[in-house]
1. Could you work out how much longer the chain between ALA721 and ALA572 gets when fully extended? Use 0.36 nm per residue separation minus the Cα distance between them, nm to one decimal.
2. Which pairs break 28 Å Cα to Cα here: LYS169/LYS260; LYS260/LYS347; LYS591/LYS680; LYS243/LYS680; LYS680/LYS842; LYS169/LYS243?
3. Order CYS297, CYS461, CYS41, most accessible first, counting only protein heavy atoms with a 1.4 angstrom probe.
4. So how do HIS722, HIS662 rank on accessible area, 1.4 Å probe, biggest first, that is with the largest at the start?
5. Share of the range 689-732's accessible area from carbon and sulfur, percent, 1.4 Å?
6. How much length is gained if the chain between ARG832 and ALA20 is pulled fully straight, taking 0.36 nm per residue apart and subtracting their Cα-Cα distance, in nm to one decimal?
7. Can you send over the carbon and sulfur percentage of the accessible area for the range 277-352, probe radius 1.4 Å, protein chains only?
8. What part of the accessible area of the range 79-229, given as a whole %, is carbon or sulfur when the probe is 1.4 angstrom?
Amino acid sequence: MKRRSQVDSLDQEIRDHIEAETQDNLIRGMTHDEARRAAFCKFGNISRIREDTYTVWHVIWLEQLLQDIRYGARTFRRNPGFAAVIFFTLAIAIGMNTAVLGVVEAVLFRPLPYPSAARLVWLASYDVDYESDHDNLVNRADYSTWKDQSHSNESTAAYGNQDLALMYKGQPSQERVVSVTGDFWNLAGAQAALGRLFPEGEPHAIVLSHELFERRFDGDPHVLGQTVSINGYPFTVTGVLSKTFEFLFPQQYSRAGEQKIDAYIAFPKPVMWLPMRDSSSWQALVRELGPMPDYVCVVARLRPGVSLANARSEMGSIRRRIVQGHDAYEHQFDNFQRWRMTMLQEKLAGGARRALMVLLAAVGFVLLIASANIANLLLARATIRRREIAIRAAMGAGRTRIIRQFLAEGILLALVGGAAGLILARAAIVVMIRELPHALPRLAQTSLDVPVLLLAVALACLTGILFGLPPAVSLWHNNLPETLKDSNLTSTGSSTHIRTREILITIELALAVVLLTGAGLMVKGFRRMTAAPSGFDPSSILTLSVSLAGANYDSWPAQQAYIQTLLTRLLAFPGVEAAGIDSYTLHTNVKVEGLSPRSAAASLVGIRAVSAGYLRAMGVALLPQYGAGHWPTDRQMLDDVLVNESFARSLSLKGESVVGRHISGSFVTGTIIGVVADFKYSQLDSEPLPEIYASYELAPVATPMSMDVFVRTSENTKPDAHSIERIVANIDPTQPVYHVRTLEQALSGSVAPRRFNLFLLGTFAGTALLLAIIGIYGVMAYSVALRTQEIGVRMALGASRTQILAIVIVKGVALTTAGITLGIVAALGLTRLMAGLLYDVKASDPATFVSVALLLVVTALLACLQPALRAALIDPMIALRHE
């Protein structure tokens with residue numbers, strides 16, 4: 001009421017002032033109309049004075065902002081098609097950005113759910129020459145020394161994971177079990193939902209994860225105190241972890257993180273100081289105390305105020321003292337071993353950081369392209385609104401107010417589109433977690449939490465300003481009298497917008513080139529990665545795993561009897577062409593007859609303990625160019641070996657045959673009787689290493705004995721996983737059968753991170769291409785509409801329809817060429833940043849750049865074709881009358 005009273009009072013004062021001035025003019029002899037007009041001229045712009053007065057009384061900008069938003073909403077309701085195109089474009093762009101921001105926040109920046117997570121560090125040793133990135137294995141004695149001598153650490157813990165057989169109520173299952181020691185429970189902040197957590201070193205005690213408790217024990221609280229069998233050894237259930245506890249620490253061995261931790265047991269204290277070379281004592285302790293990993297992973301929590309640099313310095317001092325205490329046998333390994341310490345969160349992010357930064361940049365490019373497209377639409381719309389804006393300015397609206405109107409409309413569009421984008425982002429996150437849960441560490445924790453939502457809102461507002469500003473600036477220098485007098489609403493002034501729109505399209509195309517080139521490089525690398533040698537068909541090979549554990553399999557005769565029964569029954573199954581096992585791999589140096597050690601092998605060689613049918617089950621071929629070879633029987637493999645092509649090439653023989661040479665190393669002594677093609681059996685994105693295939697009967701006896709079984713079916717027979725799993729399980733029901741799947745599925749899972757990157761980058765690139773083509777079409781169509789009268793004149797002067805068609809297409813090609821040229825220059829620099837994500841492809845691969853350029857030229861021509869045809873079919877008489 002007070003505000004209304006003030007407004008009424010102000011209006012009354014204005015009327016009184018004008019009336020008084022009118023009376024004075026009448027006294028001076030003017031007519032009534034002249035007196036009235038002179039009074040208004042003298043008083044000035046009433047709307048401007050009213051707004052200036054309101055500013056004194058109120059925060060006028062807020063009221064005007066609300067007015068602008070309401071006005072913009074009414075405008076968009078009158079143009080639903082125009083608004084829908086913008087909303088849809090924004091929903092896709094902002095949805096993609098929000099989804100990627102959610103992943104980046106969860107993987108790289110969200111604190112770990114552990115006490116004082118910012119002070120958790122990862123300590124590890126690694127071999128400088130072999131798999132230096134794999135630093136998940138630490139000598140137990142080294143860990144014990146670190147724990148005792150370090151003053152920088154507040155808490156230190158070690159653990160190691162194994163896949164072990166759990167027997168409960170006569171039913172076996174293979175579970176992932178972690179052996180823990182030190183301050184693990186305290187460091188991880190673990191709490192028991194039922195029972196208690198065992199103290200350090202308590203023998204034969206087991207704590208269940210909540211998921212295993214519900215899955216295998218049906219959530220029965222009476223399981224506490226009961227005994228279960230782990231690899232044939234009795235363990236008493238002491239507790240169940242809370243449902244919210246997550247084991248997020250790095251696991252041992254490649255691809256170990258694909259499986260969650262199911263249970264926890266204690267590392268026996270007697271083994272922690274046992275020398276690694278004392279294998280006999282180790283095996284004796286394993287037989288007495290139960291299963292335990294050979295090596296450990298180490299995590300620690302720094303004391304408050306201790307920096308990572310200081311902790312690293314102390315770690316170096318401890319290492320030097322350990323090395324000084326080594327004997328001659330241990331010293332031969334010291335030159336090849338290094339230690340490292342890093343923040344745990346950084347370790348968990350690992351190689352995902354670079355990939356996520358590339359994806360974040362890519363999805364940012366998509367948003368820029370979408371903003372440029374929308375700016376183009378709004379520029380076209382601004383041309384139509386020139387007279388409206390001129391009238392508003394003539395009535396007193398300042399240029400700042402006009403710009404605020406455009407910005408308010410842009411932010412309104414961005415917020416509504418962003419709201420739809422959040423829905424798309426949520427759906428995208430659900431799909432990513434369901435389809436590729438192990439593609440990135442902590443991907444399953446991705447959610448649209450408060451930080452991500454705030455970033456999404458800020459991104460939407462920034463986007464609204466980004467595409468709302470160009471049309472507002474384009475009207476800044478409008479000549480109001482000329483605009484009000486101009487009867488042609490499209491010809492005057494609109495032509496000046498064409499240059500701006502063409503610049504935006506050129507930028508769009510350049511960004512699209514960068515994205516398409518990155519996606520093309522990844523596609524090419526992925527195709528090379530998944531290429532298989534002749535005869536190797538992973539889809540027809542079934543693989544499963546068995547681990548022979550317990551007292552019944554602690555001797556070689558029992559293990560051999562099981563394997564023989566296994567292979568015999570599998571080969572008797574209808575449709576099975578070949579079957580074999582792979583049980584053991586040792587990396588070592590070997591000697592080849594007639595060659596010096598230096599020329600025998602340039603690096604470590606893998607000796608794989610397999611059955612004679614293993615390579616035939618894989619379907620790989622013998623290579624005659626290295627010498628006539630043949631497939632051995634199991635008996636012959638006790639004296640002979642096969643090697644792969646990488647091993648044969650590493651010998652650097654010039655025309656000499658590899659077959660027939662004697663070879664020796666570790667547990668292998670025999671004659672090479674054949675060379676097989678390289679193939680990938682576990683990791684698609686790793687290059688085949690030199691390998692020797694020897695009999696599993698020669699390998700050292702291991703307890704438990706783990707093996708992977710491979711079964712190849714005939715070409716027309718689909719692998720019957722359920723039946724084959726049942727055959728293996730019936731040999732000994734106490735031994736679980738696990739990881740039953742085709743080799744194609746196993747290999748596919750090995751490159752989940754690369755598939756995740758390829759899928760997202762490909763999606764972004766495809767979206768960018770679509771938006772860029774829509775942008776080209778819009779600019780060309782708008783240009784044709786703007787030049788209708790010019791085209792009519794050209795045709796009236798004799799220009800043919802073919803010439804008109806060429807004029808439009810040449811313009812489109814010129815824009816495309818400029819965008820492609822700029823994009824290639826940018827791509828040459830930016831794609832180098834993703835070199836670590838590529839496989840067997842250079843970041844400057846010319847074939848990919850040429851293919852992307854040709855793709856854009858063809859699609860741009862198609863986008864220009866319809867506007868060009870429309871221009872060529874214009875009736876000259878209608879065009880000449882066009883306004």
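The values are calculated or read from the model by the stated rules, or taken from the named source; none is laboratory data. Since the structure is predicted, the reported quantities are computational estimates derived from the model, not experimental observations. To get the accessible areas, we keep the full protein, side chains included, count just its heavy atoms, and leave off ligands, DNA and RNA. Shrake-Rupley method; radii C 1.70, N 1.55, O 1.52, S 1.80 Å.
1. Working: separation 149, 0.36 × 149 = 53.64 nm, distance 1.52 nm.
Gain in length upon complete extension: 52.1 nm.
2. Numbers: LYS169/LYS260 23 Å; LYS260/LYS347 18 Å; LYS591/LYS680 25 Å; LYS243/LYS680 38 Å; LYS680/LYS842 22 Å; LYS169/LYS243 24 Å.
Cα-Cα > 28 Å for LYS243/LYS680; rest within.
3. Details: CYS297 0, CYS461 40, CYS41 90 Å².
I get CYS41, CYS461, CYS297, largest accessible area first.
4. Details: HIS722 125, HIS662 70 Å².
Per-residue accessible area, sorted high to low, gives HIS722, HIS662.
5. Numbers: 920 of 1950 Å².
The computed percentage sits at 47.
6. Details: separation 812, 0.36 × 812 = 292.32 nm, distance 7.68 nm.
My answer for the length gained is 284.6 nm.
7. Details: 1970 of 3970 Å².
Result for the range 277-352: 50 percent of the exposed heavy-atom area is carbon or sulfur.
8. On the way: 3020 of 5740 Å².
Of the solvent-accessible surface of the range 79-229, carbon and sulfur hold 53 percent.
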